[in-house]
Amino acid sequence: MSGINPDKTVAAFATELPGAAEIFRRHGISFCCGGDIPLSMAAEQAGLAPAALIADLEALEQASGRDAPQETLALIAHILSRYHAAHREELDWLIPLAQKVERVHAAHPSAPIGLSETLTRLRDDLEGHMKREEQVLFPMMQRGGSPMITHPISEMRHEHEDEAQHLQAIEHVTHSLAPPEGACRSWTALYTGLRKFTDDLVVHMHLENEVLFPRFETVS
């Protein structure tokens, strides 16, 4: 990503730029149901000056990826340990917790009905995606790349778009990850865990799309 385009949709920023989702939540800007509108329009609807919102996003863009290693092999190792392993571990407890909250609070108007199903679909898609990276794409990169690498990279980029759709669905069913007043500890813990998980997934995809993949897409 190079520069903040005010005509780009809110949903695209939320699922591609680390930290953007939290800025949108703070300003009451939805990136699920109403996310397919330009950033400038969303700012105006929220009573914000588009330039101020753009400045916030530009600061995020400048900071994105700074905590990750720059060297390619170290970056791959970082993605595997910091994101692949963490996603698997967190989904293992987030899904049962979502099932519990849905079951216990089914009658509550803010209950996240359908969340566990969405998380299960995401887990299944993400597991296949990560295995393809671990077994095919990353080994090719660790060997220095190949003229054949552009196809698996293209597939991974496409799958990231599918994962972004899951993130929007999570945002929708949880009402922007906002537990209702008086929510029990399980409900609060679920949304706290989901906030970390979804933020991590956006960073994960950003590192691959914007930092790692471009290094190999010009290999001939």
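Give the residue, chosen from R103, R121, that is surrounded by fewer than 12 Cβ atoms within 10 Å (Cβ to Cβ) and on the phi < 0 side of the Ramachandran plot.
The conditions single out R103.
E22: in contact with a Lys or Arg (Cβ under 9 Å, 6 or more places away or on another chain) and either open to solvent by 30 Å² or more (accessible area, probe 1.4 Å) or under 19 Å from H175 (Cβ atoms) (or both), yes or no?
yes
Any residue in the stretch 144-164 that is under 22 Å from R121 (Cβ atoms) sitting within a Cβ distance under 6 Å of a residue that is crowded, with 16+ Cβ neighbours inside 10 Å and at pLDDT below 95? List the pairs, counting only those 6 or more apart or interchain.
These pairs meet every condition: A164/T15.
Touching an Asp or Glu at 6+ places or on another chain (Cβ under 9 Å) and either open to solvent by 50 Å² or more (accessible area, probe 1.4 Å) or at pLDDT below 95 (or both): is that true of R185 in this structure? Step through it out loud before you land on a result.
Working: touching an Asp or Glu at 6+ places or on another chain (Cβ under 9 Å): no; either open to solvent by 50 Å² or more (accessible area, probe 1.4 Å) or at pLDDT below 95 (or both): yes.
In short, no.
Limited to the stretch 192-220, what total is found for residues that are surrounded by fewer than 20 Cβ atoms within 10 Å (Cβ to Cβ) and farther than 29 Å from G3 by Cβ?
Looking only at that region, the number is 2.
L75 - would you say it is closer than 23 Å to N209 by Cα, open to solvent by 50 Å² or more (accessible area, probe 1.4 Å) and modelled with pLDDT of 95 or more?
Answer is no for this residue.
The values are calculated or read from the model by the stated rules, or taken from the named source; none is laboratory data. No experiment lies behind these values; they were computed from the predicted model shown. Note that each Cβ is placed from the backbone with ideal geometry, even for glycine, and that neighbours are counted across all protein chains shown. Calculation scope for accessible area: heavy atoms of the full protein, side chains included, ligands and nucleic acids excluded. Shrake-Rupley method; radii C 1.70, N 1.55, O 1.52, S 1.80 Å.
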